[in-house]
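The structure appears below as structure tokens.
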């Protein structure tokens, strides 16, 4: 009788250990997705947010898009990519619609960072009005990272226009 009772107890404990072990990867996946999202959000927020494309001579003085030779538009300009050494993304708006579907890549491009091949990321950028700031002078940046097991992390950040310095 003692052996039967102990066997049932040990079986229950082993089942609990199996469930705990199976679920223990979820925090790791969530933390990794959060780290990826934070990194991408920081990358985008560090970019200039100006009326003109940063290659335009009037970038530091233009007070409106009409004063630019090349006004900044939502989405990358022709030929710009996140991974280009010669024509990289150079403004917050360039990241709108950007996606990494086959793993997470660093700024130099393929191949995917080892261990992050099962993750994907998307970035959306759009105007937002808040606290008396017009939607043309603030950008809402939304980074969504999806990891294994369809674990998704979404982070939002706001970037305001600092140029020109009037």
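Among the residues of region 116-133, those that are surrounded by fewer than 18 Cβ atoms within 10 Å (Cβ to Cβ) and either touching a strand residue (DSSP E or B) at 6+ places or on another chain (Cβ under 8 Å) or modelled with pLDDT under 90 (or both) comprise 122, 124, 126, 127, 128, 129, 130, 131, 132, 133.
Okay, residues lined up against (1) surrounded by fewer than 11 Cβ atoms within 10 Å (Cβ to Cβ); (2) closer than 30 Å to residue 153 by Cβ; (3) touching a residue at least 12 places away in the same chain (Cβ under 8 Å):
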residue: 2; (1), (2), (3): yes, no, no
residue: 17; (1), (2), (3): yes, yes, no
residue: 31; (1), (2), (3): no, yes, no
residue: 43; (1), (2), (3): no, yes, yes
residue: 64; (1), (2), (3): no, no, yes
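Evaluated against (1) over 24 Å from residue 112 (Cα atoms); (2) surrounded by fewer than 18 Cβ atoms within 10 Å (Cβ to Cβ), residue 53 falls short on exactly one condition, (2).
In region 116-139 there is at least one residue that is free of Cβ contacts under 8 Å to residues at least 24 places away in the same chain, touching a helix residue (DSSP H, G or I) at 6+ places or on another chain (Cβ under 6 Å) and closer than 20 Å to residue 160 by Cβ.
Looking at region 134-141, can you tell me whether even one residue there is at pLDDT 90 or above, surrounded by 12 or more Cβ atoms within 10 Å (Cβ to Cβ) and part of a loop (DSSP other than H, G, I, E, B)? Walk me through it before giving the result.
Applying the first criterion (at pLDDT 90 or above) to region 134-141 yields 138-141.
Subset that is surrounded by 12 or more Cβ atoms within 10 Å (Cβ to Cβ): 138-141.
Restricting the remaining residues to those that are part of a loop (DSSP other than H, G, I, E, B) gives none.
Checked against the condition, which is being at pLDDT 90 or above, surrounded by 12 or more Cβ atoms within 10 Å (Cβ to Cβ) and part of a loop (DSSP other than H, G, I, E, B), region 134-141 yields no hits at all.
The values are calculated or read from the model by the stated rules, or taken from the named source; none is laboratory data. Values in this document were obtained by computation on a predicted structure and should not be read as measured data. Note that we place each Cβ from the backbone using ideal geometry, even for glycine, and neighbour counts take in every protein chain shown.
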